[in-house]
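In what follows, a single structure is set out as structure tokens and then discussed.
A short reminder: the numbers here are calculations on the coordinates, not readings from a lab. These numbers were taken from a predicted model, which means no experiment stands behind them.
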Ligand SMILES: Nc1ncnc2c1ncn2[C@@H]1O[C@H](COP(=O)(O)OP(=O)(O)O)[C@@H](O)[C@H]1O
Ligand SMILES: [Mg+2]
């Protein structure tokens, strides 16, 4: 059992991921300082905080893009520290990026199929020889990619278009479909509604909740839109200047003295 750094003393019995005292230094700058963090299995949790608080840096350590200076990160009893991004995807942690990273000159369908690559068993020789088993696996991947496109609400009409020609909101959906193709247990979303209008934002929020239920996912999101955060999150972690400021349910976060003090302190200095 794991007790998380929360004034209410909530206990998480089944954590899919936990971070213990994660610290990340960039030269003299401490982007994350001894951050403790727990994600309950099946939950939707958010990481919030002002610009530069260290959210993306923390994410990048969960996905192997950065290695912590010190601390431990455990996913289902396996340490993620020292693993490559590819290995972490293989273990079942999928992600999208704050800035969209699609293969612009590949088709929409191909972008999703690439996401499934880590799950494909066909050997390099098998692909060269076009063995029947390889062709069957490729066909199954194509089929699954189409299902995922449908699940995220992208029309079949677009599947042969180049990804870069999709409207912005659809590119974000495509990124989500590609992340899902890796069959994650834990999905990390870095600002999934960034740049969206209120209508698109509401649809994306609804989609994330539906995907969690339909695919048995656990979701961690970084989000700046407070309406999204308060509407979707079961628990929220607040970072400020690289440190854990608060953790709790949405209502608890709003009423948290440290959060209010940080906000008032900021208001006082900018007034
Ligand atoms: N690769 C890097 N090298 C040096 N400093 C970095 C690097 N990445 C982030 N930082 C710094 O770390 C701090 C936290 O950044 P970031 O994690 O991107 O914050 P957030 O996502 O909360 O806006 C910022 O001061 C940022 O300038
Ligand atoms: Mg960021």
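What share of Cα pairs, in percent, lie more than 29 angstrom apart in the chain? Here the long-distance tail beyond 29 Å is 35 percent of all Cα pairs in the chain.
For the chain, a Gaussian network of Cα nodes joined below 10 Å ranks 182, 70, 123 by mean-square fluctuation, and the top entry is 123.
Beta-bridge orientation, the chain: approximately 60 percent antiparallel, per DSSP, counting only bridges with both partners inside.
Our helix-only sum for the chain, with -39,500 (n - 2.57) per DSSP H run of n ≥ 4 divided by its residues, gives a mean residue ellipticity at 222 nm of -12000 deg cm²/dmol.
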